[in-house]
Each structure stands twice: as C-alpha cells, then as structure tokens.
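Visitor: Below are the structure tokens for one structure; questions will follow.
The values are calculated or read from the model by the stated rules, or taken from the named source; none is laboratory data. As the structure is a prediction and not an experimental result, all values here were calculated from the model. Glycine also receives a Cβ, built like all others from the backbone with ideal geometry; neighbour counts cover every protein chain displayed.
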Amino acid sequence: MGYVAVKGGTKAIEESIKRLKYERVHKGSTIEVEKIEAGLRGLIDQVMSESSLYSESLASLAIKQAEGNPEEAVFLLRAYRSTLPRKHVSRVIESEQMLVERRISASFKDIPGGQILGATTDYTQRLLDFNLLEETEEKVKEWLAQFHSEQMEANEESHTTDLTIPKVLDYLRGEGLIAPCENNDQEPRDVTRESLDFPAARSQRLQVLTRGQTGAVTSLAYAVIRGYGALHPTVGELRVGSFPVYVDHPLEDGDDEDGFYIGSIKTTEVEMLMPVTVEKELGKKEIEFEIGYGICFGQNETKAIAMGILDHCLENPDPAYPSHNEEFVLYHIDAVESTGFISHLKMPHYVTFQSKLDAARKTKTTAEKEEVRG
Amino acid sequence: MKRKRRTEILINGSRQLAKNMASDIEKYYSLEVIQEPQHGMVMLKTRETAQKSLFYLGEVIVTECKVMLKDSIGIGVVIGDQPEFAYQLAVIDAAFLEEVPETARWIGLLQKEESKINEDRKSYYNDILKMKVSFENMDV
C-alpha cells in the first residue's frame, strides 16, 4: 500500500471554531473578565500555578476563553508565556519575608506566634448556600461596608505593630529535632530553559512539582499515604500570604537598597514533617524529623501539602514504589504535557492506523494459509 | 532616599503620588522614552526551607519602561499590566538618578505616604490577628 497525501476540512474547521464561540455565548450573555477575577479566586490560583505564570488578570482572561476548563486555560497561558521576554530574575525570595494571612500547624498546638486561621473553607459545613442565588452587587456592597466598619471599630482597641511570626522549623531546629542546615546558594537549574534529565537536581524537581497539575500531584501524594509509598506525614506548618519581589538594577552594581521593589505575589507554603529513625553512635537509635517542602502560587493548600509529600518521596528513592521514582512522578504530572498527549490521540492517525490494519490483515492471511496447509 | 524604599512606597501607596511626581518632571524637563512600556516576565528565585536550597518558583508578568532624562536612564518595573504606572516609575527613577531639585521636595511626600502605608499595615495585622486561635483546656 502506498501513502496518499490528502487535504481538506478547512471549511469544516472554520465552522467548528464558529460553533465553539456559539457554545460560549449561546445563552445570550457573557461573563466579564473583571467578574471572573473578582469571584473565581480558587480557579485563578490553580490556573496560575499550573501554568507557572503569575497574573490574575491573564488567568481570568484564559478562564473566560476556555469556558472555565482549567486544562485549556493553562495551555493558553503557557502558550502566551512563550511569547514574552524574561526581563529579570528576582532576588532570592526568603520564607520569612512572607506577609502572613493564614498560618496553621497540625503538629503543635502552641506554636510560637499562634495558629491564625485566615480565610479557609476548612471550618464550613459544605452545605450549598442557596442565598447566593439571590446575591446582588448592592447586597455585597452593604455587607462590605458593615465588615469594614466592624474591623475599624475593633482596630481602635488594639495596636499591633508587627506580625513577624517565627517558623515552626526554626523552633524544631533549635530543639535539635531537625538536623541543622546552612543556606545552599548553588544556582538553580531551569526546566523551562533546558530539558529535564535524570537524576534530576533538587531545583528541577521542585520546579516541576510546583507547576504540576493539582489533581495529578494530589493523587500521587494520596497514593503514597495509602500505602504506595513509605511515608507518614504531618503538616508542620502551612502558611498563606504574600512575598515581596525585588529585582536588581540590570547595569548598576549597587547594594541591597539599590534594587527595585516590583510588587508582591500570593503563595501557599508548607513544610511536611516525616518521622524517621536515625542510628547514632554505638547503634543508639533516635527519632528525628525530615522535611518535605511544598509551595505554589495562590491559595491551593491541598496541592502544596501534596507537593511536600512528593518532595520527600523523591529525596528518598525506593524502587518498590513508583511514587518514589522521580522519572515516574516528574514526567507525568505536568498539565500541558499529560493532557496534550492524551488529547493528541484525537488527531488523525489514518496512516499509522492503516499500517496497523495492514499488519493485522497480513497476520490473518498467514494464519489462514498455515491452517489450510496444516 | 534609596531606590528599594522609594519603590516600596510608590508601589504600595497611592497611585496619585507617582502620577503627581512624574507630572512635576514632565512640566520642566525634556524626556525621551527609550523603551515604551512593555510586558515581560520576572523569574522568581526562591529558597525552600527543607534544605535551604534555591529553585525557580515560576514567572510573574511585569510591565517595564525606560526613560532618559538628561544623561540618566530611569527604569520603571512593576508586577501586572500597568503601562502608565511603569512609565511614571521610570520618570521618577530618572529624576532621582539625575538628582533634579524636585527630588528634595519629594522626600517629605514619600515619607508621609510611607507613614500611611505603615498605618494601613498595622490595621491589616490587627484584622489578621482576630483569626488567631485562643485554645482553652477542657475539663474531661
């Protein structure tokens, strides 16, 4: 059989794209990008994190274009990102710089600085709120005015001047329960500039994990806890808050004070604690804690916790479990790579499938001939 | 006033302040826009806390502009899609580099804005601390 080149379908494709727009607007109304940005915080955070591009407004636009489909929205943002120049690399963002708005620990009740609940659905009853069907902008403004007034009244009575909250890890390091550790300033590798290779550097692993698909990262971490891994983790500390971002002047050799502040980004950061038995001098065994680190753009606590679990798994390879195999984990959690590959199966495979058909027919013919001879 | 503190005040403070300061310069000096406000990205280099090593968290969209005032090139760079603000920041940066007389008057304005930002931040801290848990031991 020879190969035949074919063309056609242009008109059908044009009509298909037109129909796609029809599906988005056929109810005769449209959702403004500002409203998406105002009301779909969770989805925006997920899309920014998986596309590895922090922009609430562009994520909102992508969500509108993708009709709320995160897989498509992430694809759009990754494609847009590839058209932009990288102007700077930031100065190192340090964990203690975070302006905290939520901070909890599941390991210690009395952590220095206290447990600050922040905005979370953790303590809601998950009952559908049918009042939201009647919510209007007027009602929202009334509620906001009352909220701000209550906050102002309470603030007149208290005068906090600082919200510097010590890290739980520093407390544990001080107690000798976690091995001390010095800053490692080795330049990180960048998976957006060079292909991932194995064994991967720690910086590559963390970059792939933080931009991983929320569902994939969560599922693999869940599998670890259920027994397809060797971990018993606890949330040491979970923080949600904003990091200030600074860049150096591209030409001047100034000090720290000569850099530019460019704004802040909101993230979720987690340290997971894993108890391990360590053999000390004379065979004496002691329990110490190891740490798994998770972080992602926006408020996405499940993903950050799951990343912390997988980080520790990949730091401790174990051939018994795929979740401890970095090639298995890192190659399969990227949203665009995984959905792109699965999705490409819809594309025409006429030639390859035809060759498989030919092979199938040949084996049948051969088998029939052998049967006749036999 | 050094650039770090100045940009913290301008970006965290009222947009009107930067607008007024840039307008002061536009009135009396000739400015050349070297680079129109342009979108780009800043890669976020981050230190993780488990082993204190560095990695890249992802990129953030910024708007950047470059303006020349006499012999100095000012740079304005800010997170998000903010072309006018990036231009104003570049003008102010050039003015400080060139040490034009207006900058002496601006110091007071910037310090006043900084006090307001600090007050707002205190208020924010108080709001956040309302969500701090006060544990009580139960009699069982």
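Visitor: Please determine, by comparing only the residues of the stretch B:63-78 that are surrounded by fewer than 20 Cβ atoms within 10 Å (Cβ to Cβ) and of a type outside the set (Asp, Glu), which one is nearest to the other protein chains (Cβ to nearest Cβ).
Guide: B:Ile73
Visitor: Go through the stretch A:68-86 and report how many residues are surrounded by fewer than 17 Cβ atoms within 10 Å (Cβ to Cβ) and β-branched (Val, Ile, Thr).
Guide: Qualifying residue count, the stretch A:68-86: 1.
Visitor: On to the next question. Hey, does the stretch A:11-31 have a residue that's in contact with a Cys (Cβ under 8 Å, 6 or more places away or on another chain), surrounded by 11 or more Cβ atoms within 10 Å (Cβ to Cβ) and not assigned by TED's automatic domain parsing to the domain that holds A:Ser264?
Guide: First, the residues of the stretch A:11-31 that are in contact with a Cys (Cβ under 8 Å, 6 or more places away or on another chain): none.
Checked the stretch A:11-31: no residue is in contact with a Cys (Cβ under 8 Å, 6 or more places away or on another chain), surrounded by 11 or more Cβ atoms within 10 Å (Cβ to Cβ) and not assigned by TED's automatic domain parsing to the domain that holds A:Ser264.
Visitor: B:Ser30 - would you say it is more than 11 Å from every other protein chain (Cβ to nearest Cβ) and free of Cβ contacts under 8 Å to residues at least 40 places away in the same chain? Step through it out loud before you land on a result.
Guide: Details: more than 11 Å from every other protein chain (Cβ to nearest Cβ): yes; free of Cβ contacts under 8 Å to residues at least 40 places away in the same chain: yes.
Judged against the criteria, B:Ser30 is a match.
Visitor: Scan the stretch A:257-299 residue by residue and report those that are without any contact (Cβ under 8 Å) to a residue 12 or more places away in the chain and within 8 Å of another protein chain (Cβ to nearest Cβ).
Guide: Across the stretch A:257-299, the qualifying residues are A:Glu257, A:Asp258.
Visitor: Taking the condition of a type in the set (A, V, I, L, M, F, W, C), surrounded by 10 or more Cβ atoms within 10 Å (Cβ to Cβ) and in the same structural domain as A:Leu206 (by TED's automatic domain parsing), does A:Leu314 pass?
Guide: yes
Visitor: A further question follows. Could you go through the stretch A:220-229 and let me know if any residue there is touching a His at 6+ places or on another chain (Cβ under 7 Å), modelled with pLDDT under 95 and crowded, with 22+ Cβ neighbours inside 10 Å.
Guide: The answer is yes, given that some residue of the stretch A:220-229 is touching a His at 6+ places or on another chain (Cβ under 7 Å), modelled with pLDDT under 95 and crowded, with 22+ Cβ neighbours inside 10 Å.
Visitor: Could you list, in sequence order, all residues of the stretch A:218-256 that are in a loop (DSSP other than H, G, I, E, B) and without any contact (Cβ under 8 Å) to a residue 24 or more places away in the chain? Give the steps one after another, and end with the answer.
Guide: First pass over the stretch A:218-256, keeping only residues in a loop (DSSP other than H, G, I, E, B): A:227-233, A:248-255.
A:Gly227, A:His249, A:Leu251, A:Glu252, A:Asp253, A:Gly254, A:Asp255 - these are the residues of the stretch A:218-256 that are in a loop (DSSP other than H, G, I, E, B) and without any contact (Cβ under 8 Å) to a residue 24 or more places away in the chain.
Visitor: State all residues of the stretch A:82-99 that are more than 7 Å from chain B (Cβ to nearest Cβ) and either under 16 Å from A:Pro166 (Cα atoms) or outside any loop (DSSP other than H, G, I, E, B) (or both); if no residue qualifies, say none.
Guide: Those that are more than 7 Å from chain B (Cβ to nearest Cβ) and either under 16 Å from A:Pro166 (Cα atoms) or outside any loop (DSSP other than H, G, I, E, B) (or both): A:Glu96, A:Gln97, A:Met98, A:Leu99.
Visitor: Out of all the residues in the stretch B:1-48, which are among the basic types (Lys, Arg) and either at pLDDT below 95 or out of contact with any Pro (no Cβ under 9 Å at 6 or more places or on another chain) (or both)?
Guide: Going residue by residue through the stretch B:1-48, those that are among the basic types (Lys, Arg) are B:2-6, B:15, B:19, B:27, B:45, B:47.
Correct list: B:Lys2, B:Arg3, B:Lys4, B:Arg5, B:Arg6, B:Arg15, B:Lys19, B:Lys27, B:Arg47.
Visitor: When you go through B:Leu109, B:Leu129, B:Leu97 one by one, which is the residue that is within 14 Å of another protein chain (Cβ to nearest Cβ) and in contact (Cβ under 8 Å) with a residue 12 or more places away in the chain?
Guide: Working: B:Leu109 fails: within 14 Å of another protein chain (Cβ to nearest Cβ); B:Leu129 fails: in contact (Cβ under 8 Å) with a residue 12 or more places away in the chain.
From the options B:Leu109, B:Leu129, B:Leu97, the qualifying one is B:Leu97.
Visitor: Filter the stretch A:190-217 for residues that are in contact with a Leu (Cβ under 8 Å, 6 or more places away or on another chain) and at pLDDT 95 or above and give the result.
Guide: Initially, the stretch A:190-217 is screened for residues in contact with a Leu (Cβ under 8 Å, 6 or more places away or on another chain), giving A:196, A:200, A:203-205, A:207-210, A:217.
Of everything in the stretch A:190-217, those that are in contact with a Leu (Cβ under 8 Å, 6 or more places away or on another chain) and at pLDDT 95 or above turn out to be A:Ala200, A:Ser203, A:Gln204, A:Arg205, A:Gln207, A:Val208, A:Leu209, A:Thr210, A:Val217.
Visitor: Further, regarding this structure: Given the residues A:Glu269, A:Glu237, A:Glu281, which is the only one that is more than 28 Å from A:Gly298 (Cβ to Cβ) and not polar (S, T, N, Q)? So that I can check it myself, show each step before the final result.
Guide: Numbers: A:Glu269 fails: more than 28 Å from A:Gly298 (Cβ to Cβ); A:Glu237 fails: more than 28 Å from A:Gly298 (Cβ to Cβ).
It is A:Glu281.
Visitor: Continuing with the same structure: I need the strands (runs of 3 or more DSSP E) fully contained in the stretch B:29-110, keeping only those with at least 1 residues that are among the basic types (Lys, Arg) and at negative phi. Step through it out loud before you land on a result.
Guide: Numbers: elements: B:31-47, B:54-69, B:72-79.
Here the list reads B:31-47, B:54-69.
Each row is one residue, and each column tells you yes or no for (1) out of contact with any strand residue (DSSP E or B) (no Cβ under 8 Å at 6 or more places or on another chain); (2) under 21 Å from A:Leu77 (Cβ atoms).
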{"residue": "A:Val278", "(1), (2)": "no, no"}
{"residue": "A:Gly283", "(1), (2)": "yes, no"}
{"residue": "A:Ala306", "(1), (2)": "no, no"}
{"residue": "A:Pro317", "(1), (2)": "yes, no"}
{"residue": "A:Val329", "(1), (2)": "yes, no"}
{"residue": "A:Phe341", "(1), (2)": "yes, yes"}
{"residue": "A:Leu345", "(1), (2)": "yes, no"}
{"residue": "A:Val351", "(1), (2)": "yes, no"}
